[in-house]
Ligand code: ADP
Ligand code: ZN
């Protein structure tokens, strides 16, 4: 009798190929979760052995099975994480392979332990200095990395770098991927919590101790000490020898956070974000997978790493929309974090001063547990918030700062205190047009205007990154010097401040100026050392920062976010302004906030001025309920795109024609998406609106699965969309 066939189902990391069956050769001991290399045609590809029952039966003739080639030496993907991958693929209508690529973090998993060689400059100049070599040397001053990384950074070929290494301009540096991360100490510098903080901390620490799944919404006003409070839960997880993940919404926030963490726990935690060198990536991946790194602070993608022994996830600033991934796998990190806690049985903490309406609703219906810290820590008081009615208290022509706000800025300057002007618009002006013919500068690849960035002297598209120098003459009518900037961005407000208050030292803080952890740290240091009087910034500076000398916040245009008319416009505006206001008066000196608006009676503005958060949330919740909008109903966007407009329209029509009829589910469109062209692709959209009882994803999967599209057409589904563009 033959020994039983050892057949395994493997999910390949290559998209477009479903799971395939392979034979496990004799002597190879592999189980679900193991990373393997398998043959596909002439190629050898990585994959993960998956649980058989997930994909249904599709038996391949045993004689046709090919052998698994090798077992990769790394810890297997655990059962809880495999369930999470199943859930994400199912819920967000994507492939297992796409989710697994995030788990294995590209190639991080496949490197065996040991050392890796990186290169850095020696200071020597090669005898033969071609222009490319010279450019590479310039670009790589102070850099270190693999040949491939250096080449990419300098924008030259690998061969140029190899040539420079041979010529002695670069030297090898040996990096160990096994260097352990230092242990965080739970009791290094524990603060004395106040009563409200202690109550919240106790609830979280006992959940950590029990290893039970609970989702906490840690809801405390800005400056209430949420960070100190959830640090107690982190400390408890450390005592239990469990791993902790802290998700932060922005890379710019990481540096001050790391400093704070070190003050509390004695060491810096490991970090994870998109612009890491591959050696760093491997080191962290390994240390997370073998359990030796206890704390990881990261961007949303850290959520999929194979923690050996996870015991706690904190989602800080959990209301932030940047937790929603908008390309590739379109998932929401806040929701995925909760599911991970559920599958692997540990508590998840959503911390925010302005929780998402969805999170508050979950507390209201008893699914999540609310923890409140109602007042600021110590002597700090919440700032006083006033509206400035721009129709009455109007700035001069081509100015955007109302007299009242200007006066308040002057007072701060006199007293040596700091101010923040908030405007959620990067660049100098959102629109540039020709005074003579009215020509507007539009991106050639997108349905969007080119935004003037005067600091770097160019026009840029904020959707695809297309840039061009500001032209001397209008390309339409040929007249010279007729281009005018319309409306303000932060750079223009900065100009205005410099003109009106020439003695003020200003700084513009946006993703253009704070694009790396180092830049962000520099910014914090400058503000803390009081080398800055007035910060002009986008939403990037409205969260997380703690500047005790900052006593005035001016919101330049509160109406901006309310115009969009998308589902969450009011909520987002409320959150942004509340967070911006939350930067004022965090020290001993009281804070003052001015909100410039043309609609002082708008419910959002009124609630902010009255300091009545609940009134806003209640009214907004009622409105969502009557519209059947989330969290009471659900949406999914189906985006069809092609470089050929007709092809996109035809594909969208085919989808529309095949639309299922289901009670409680409505389908709108197809129609051109609001961003009708993006990165050179024409876009059509259908919007699905369903009651919660409808099995929306299953219906959509079957619906779209039955239609064939040309290869050049892309069809993507965005479940629970945040962007309606
Ligand atoms: P939040 O995250 O809620 O905005 P933070 O955690 O940043 O608030 O706290 C605001 C400030 O108060 C920080 O400087 C923090 O160190 C301080 N703070 C909060 N709670 C305590 C405490 N129990 N003991 C000492 N300092 C505290
Ligand atoms: Zn563009």
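Among 71, 185, sorting on how many other beta-carbon atoms sit within 10 Å of each Cβ, with the fewest leading, yields 185, 71.
By DSSP, the beta bridges lying fully in the chain are antiparallel in about 55 percent of cases.
Placing dummy labels 7 Å off each Cα toward the beta-carbon, the span from residue 43 to residue 308 is 3.3 nm.
What separates the Cα centres of the range 670-725 and the range 87-151 is a distance of 34 Å. State whether the range 242-329 is rounded, prolate or oblate according to the following rule on the C-alpha gyration tensor (a ≥ b ≥ c being the square roots of its eigenvalues): a/c under 1.5 gives rounded; otherwise a/b larger than b/c gives prolate, and the remaining case gives oblate. Because its axes are fairly even, with a/c under 1.5, the range 242-329 counts as rounded. Estimated from helices alone, the mean residue ellipticity of the chain at 222 nm is -9000 deg cm²/dmol (sum of -39500 (n - 2.57) over DSSP H runs with n ≥ 4, per residue). As a length-normalised measure over Cα pairs under 8 Å and 6 or more apart, the relative contact order of the chain settles at 11 percent.
Over the C-alpha atoms of the chain, the Rg to Rh ratio, Rh being the Kirkwood estimate, stands at 0.97. On full extension, the segment bounded by residue 627 and residue 384 gains 84.1 nm, given 0.36 nm per residue less the C-alpha separation. For the pair residue 125 and residue 653, a Förster radius of 60 Å applied to the C-beta separation gives a FRET efficiency near 0.45, rounded to the nearest 0.05. Compared with the direct C-alpha span, the chain from residue 263 to residue 619 gains 124.0 nm at full extension, assuming 0.36 nm per residue.
Residues 38, 688, ranked from the fewest to the most other C-beta atoms within 10 Å, line up as 38, 688.
Round to the nearest 0.05 the FRET efficiency obtained for residue 569 and residue 612 when R0 = 25 Å and r is the Cβ-Cβ distance. Taking R0 as 25 Å, the efficiency between residue 569 and residue 612 is 0.80. Pairwise alpha-carbon distances in the range 633-719 exceed 18 Å for 38% of all pairs.
Cα extents for the range 179-251 along the principal axes, largest to smallest and rounded to whole angstrom: 40, 32, 24. Our note on the geometry: Cα centres of the range 337-416 and the range 417-493, 30 Å apart. Taking a point 7 Å out from the Cα of residue 398 in the direction of its Cβ, the residues of the range 500-517 whose backbone N falls within less than 15 Å of it are 500. Note on the range 195-373: Cα convex hull, mean projected area over all directions, 9.8 nm². In terms of overall dimensions, the range 79-175 has a Cα radius of gyration and Dmax of 19.4, 59 angstrom. Between the range 216-261 and the range 276-321, the C-alpha centres lie 14 angstrom from each other. Spin-label model, residue 481/residue 55: points 7 Å from Cα along the beta carbon direction are separated by 6.8 nm. Between residue 723 and residue 695, the modelled label-to-label distance comes to 3.2 nm, taking each label 7 Å out from Cα in the direction of the beta carbon. When each of 506, 14 is scored by the number of other beta-carbon atoms lying within 10 Å, the sequence from fewest to most is 14, 506. Normalising the Debye intensity of the range 217-285 to I(0), with uniform scatterers on Cα atoms only, and taking log10 at q = 0.24, 0.25, 0.26 Å⁻¹ returns -1.31, -1.36, -1.40. P(r) tail, the range 453-577: Cα-Cα pairs separated by more than 19 Å, 61% of all pairs. Shape summary of the range 286-403, radius of gyration then Dmax from alpha carbon positions: 20.3, 63 Å. Relative intensity of the range 1-110 on a log10 scale, I(q)/I(0) at q = 0.11, 0.22 Å⁻¹, equals -0.32, -1.32, per a Debye sum over C-alpha point scatterers of equal strength in the absence of solvent.
Laboratory data are not the source of any read-out in this text; all were calculated from the coordinates shown. Quick caveat, the model's predicted, so the values are computed rather than measured. Note: ideal-geometry Cβ built from the backbone for every residue, glycine included; neighbour counts use all protein chains shown.
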